Every structure is written in structure tokens, then in C-alpha cells.
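Engineer: Before anything else, here's the structure in question.
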Amino acid sequence: MTISVFLFSLLGAMMLGTPIAFALLVCGVALMIHLNSFDTQILAQNLLEGVNNYPLMAVPFFMLAGELMNAGGLSRRIVAVAEALVGHVRGGLGYVAIIACVVVASISGSAVADTAAVAALLIPMMRAAGYDVPRASGLIAAGGIIAPVVPPSIAFVVFGVAAQVSITKLFMAGIFPGLMMAGALAFTWWLCAKKEPGAAAGRFDARKLAARLADGIWALALPGVIIGGMKFGIFTPTEAAVVAVVYALVVGRFVHGELKFERLPELMLSAAKTSSTVMFLVACALVSAWLITIADIPAQASALLEPFMGNKILLMFVIMILVIVVGTALDLMPTVLILTPILMPVITKAGIDPVYFGVMFIMNNAIGLLTPPVGTVLNVVAGVAKTRLDAVIKGVWPFLLAQMLLLFLFVLFPQLVMVPASWFR
């Protein structure tokens, strides 16, 4: 009965067009009424306590770092280096997009922001070169979802807070899967690039690459600063976010000279708007999470999954399929915040490593950003490319399939995630 109240109130509010954050509040109130414990003071207290969490301070700082990086020319220089490195091969701009997505992702950690930045820089270049724009848009969209999987992933920060799992361990465990995602995209693009009429092979220019590297060395060094600092215990993920802001600000203003001080209020306001949306969503979700625990919904979910408990791989398959289905209707953050308090007790009971599950869970939710009808990243790319959404959906399918096959490969062989994680850790 409790699960029915939870699902009916949440889905009912969403079907009425209520924003996800308020739908989560409605769900929380419905559970309180069902449990005969409705109290507005408890509701308000849990709403405030939901965001009164030190690790969550990383979210607005990483958002601001992304804004400063784009305004200060760091993103453009990353693309320029990648273009000089692989732009001469057939389909070269596609490989440029993949490299740029990985490097930019390792700076800000936001799929939507990173996708918008790379698409704005590369889609006009690919269109002018004669590439199939829907396919190119699909590639950039699929590259954009690497951001939630590699550090400094904002999704890992939120999951770590909700699941009480080390954010630093999640960051380190996400590096190799993120690189594997890029590799899967590169292989798929290699198959597709044979059909690109405007992507003729050229000649490698070492002097051009050296010049681009000299100009972009500061931008390329930032991911190393962030990841290296956390690996060697110099700073925490939250402190790494502050370091990223200061680094992007100093380089953009005093090294490249492209970031103007008069633009800072505008950039800070943009980062604050995006961050406030995420933080309010977290606050509302953690109210529901608290009530989910009180209502003992995880125990009921465990009972439903009991037939699969004896086989970790089979259980992970079932959970991954569940998350894929949910991801077609919900965005990444709501899915993480709704399902984490329900699934974590199941994972703990089954003896699955919570760090491994966190990487798989976030990767699966990131793939949900590519699945219609919601497909947030698809909408972003379609808007930037000025292309119909249905055309982008058609173009993204080969890359979406590659990412899903990789996900299930990680389910079959957990060592592909955990062994490299031990190297980075």
C-alpha cells in the first residue's frame, strides 16, 4: 500500500504538469498523511536540512567554473588543440568532438553545459565541412553524457550525498568508464565516418599542433589539477570546485585576457540560477528520501527484488533495465534522487560494492539524457544546431546503442570498473 501511495502521488503530480521538485514535495506530504504524521514543521526542517550539506557546495562552484571556462576561451582552445591533433583524418571533426567532450567534461561536470559549449563551437564547423548534421549532433549529444561519469561530476556529488558514499572514490572510479565511453563513441564514429562525403582526409601539421598546444596548455592543465589534487589528498571535491573557479578566472582574465570583469555578475547569475534549480530539487528529494526510509519502502523494494538477490549480475541487470525505463520519463537528477534511497539498501543487502553501483547508476542515468521523450541533452543539441529534434534522435541511435552495450559489458565484468578505480585511488 505504501509503495502505491508513493508512486500514485509522485506520478499523479507529474502527469498534472507539476515541476519535479514540487512533485517530490507532494509525494512527501502524501506519505506523511498516509503515515498519520503530517507536520509542517518537520517538512520545513527536512527541506532545509536537505541542502545543509558541505559536499553540495561543490555544485554551484563547478557550475561557475564552467561558465568562466566558456567565457574565458578555455573551451575554444581545447577544441582547437583537438582539431590540430585529429582534424586531418577522415571524419576528423567527429573525433575532435569526442576529445573535446572528454576534456571539457573533466572541468565542469555538467552534461547540459558541456554539450551546449561543444555543440556551439563544432556544429557550425561540421556543417560547413559537409558533415551530416543530425548524425554530428547525435555524436556530440552522446559525447556530452560523459560529463556525469568523469570527475568532477555533479551527479556523483549529489549521489554521494544521498547514498552516503565517498565522493572522491566515485570520482576516481568514474575515470576509466568515462574513457571507455569515449572509446565506444570513437569506434562507432569510425564506422559512420566512412559515409561522410565532406570529411576527406588531410595532412597532419606538427607545427600547427605545437602552436595550438602552446596556446591551450593552461586549459588542458585544469583537469590534471582537479583530478591530481583529489587523488593525492591535497583538497576535497568541494575544495576542488573552488580551485577550478579560481583557476578558470585567473587564466581567462590574466593569461588569455578574454574574460572581462564586467561580465562576472552575468556569469555568476547564470551559475546561480542553474545551481538553485539543482539545489531546490535536492532539498525536495531529500524530504521524500527521509519519508521513504520512515515508510520502510526500501524493505518492500528488497522483497520485490528478492528472487534476484542470489545473483549479483542478474540483480544489476534488472536494476539497470529499471533505470533505463525510468530514465525515458525523468531527467538525471530526479531519477538519482528518487531511486537512490530505494535502491541503496537493496545493493547493500546483496553485497554489491556501493562505489561500483554508483558509477553504473550514474552512467545509466546519463544515458537517459539521450532517450526520448525527455532527452534533455538531445533538446540542447537540437536547439544549438537549429535542427529538428526527430532528426537528432535518428542521428543519435548508433551512439546510444554503443553506450548501452558498454553499460551491460560493465554489468557482466565489474572488474572493468573496479580494477582501474584501484589504480587511480
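Engineer: Using only Cα atoms, tell me the angle between helix 354-367 and the longest principal axis of the chain; keep it within 0 to 90° and round to the nearest 10.
Structural biologist: Taking Cα atoms only, the helix is inclined about 70 degrees.
Engineer: Applying the Karplus parametrisation 6.51 cos²θ - 1.76 cosθ + 1.60 with θ = phi - 60° to the phi angles of region 29-43, what ³J(HN,Hα) value in whole Hz is obtained for each residue in order, glycine and proline being reported as x?
Structural biologist: 5, 4, 5, 5, 5, 4, 8, 6, 9, 5, 8, 5, 5, 5, 4
Engineer: Which log10 I(q)/I(0) values, to two decimals, does the chain give at q = 0.07, 0.09 Å⁻¹ under the Debye formula with one point per Cα?
Structural biologist: Summing over Cα pairs of the chain leads to -0.33, -0.55.
Engineer: Give me the dipole magnitude in Debye, nearest 20, for the chain about the Cα centre, with unit charges on the beta carbon: positive for Lys and Arg, negative for Asp and Glu.
Structural biologist: Approximately 1260 debye in magnitude.
Engineer: I've got another one for you. Quick one: Karplus J couplings for region 390-405, per residue in order, coefficients 6.51, -1.76, 1.60, θ = phi - 60°, nearest Hz, x for Gly and Pro?
Structural biologist: 5, 5, 5, 4, 5, x, 7, 4, x, 6, 5, 4, 4, 5, 5, 5
Engineer: Would you work out the relative contact order for the chain, in percent, from Cα pairs under 8 angstrom that are 6 or more residues apart?
Structural biologist: Contact order relative to length: 26 percent.
Engineer: For the chain, build the charge dipole from Cβ charges (+1 Lys, Arg; -1 Asp, Glu) around the Cα centre, then report which of 237, 289, 420 sits farthest towards its positive end.
Structural biologist: Final value for the positive-end residue is 420.
Engineer: Could you compute the FRET efficiency for residue 272 and residue 401, with r as their C-beta to C-beta distance and R0 at 41 Å, rounded to 0.05?
Structural biologist: Efficiency, from the Cβ-Cβ distance: 0.65.
Engineer: Towards the positive end of the charge dipole of region 39-424, with charges on Cβ (+1 Lys, Arg; -1 Asp, Glu), say which of 380, 264, 216 has the farthest Cα.
Structural biologist: Sorting the options by dipole projection puts first 216.
Engineer: Whole-Hz ³J(HN,Hα) for each residue in region 186-191, computed from phi via Karplus 6.51 cos²θ - 1.76 cosθ + 1.60 with θ = phi - 60°, x for glycine and proline: what do you get?
Structural biologist: 4, 5, 5, 5, 4, 5
Engineer: If Lys and Arg each add +1 and Asp and Glu each add -1, what is the summed charge of the other residues whose beta carbon sits under 12 Å from the beta carbon of residue 119?
Structural biologist: +1
Engineer: Could I ask something else about it? Name the long-range amide H neighbours of residue 38: under 5 Å, sequence gap of 5 or more, or other chain; modelled H, no Pro or chain starts.
Structural biologist: For residue 38, whose amide H was placed from the backbone, there are no distant partners under 5 Å.
Engineer: Quick one: what Rg and Dmax do you get for region 282-425 from the alpha carbons, in Å?
Structural biologist: Values for region 282-425 (Cα only, Rg and Dmax): 16.6, 50 Å.
Computed from the coordinates by the stated procedures, all read-outs in this text should not be read as laboratory data. Remember, predicted model here, so these are calculated numbers, not experimental data. Every residue, glycine among them, receives a Cβ derived from its backbone with ideal geometry; neighbour counts consider all protein chains shown.
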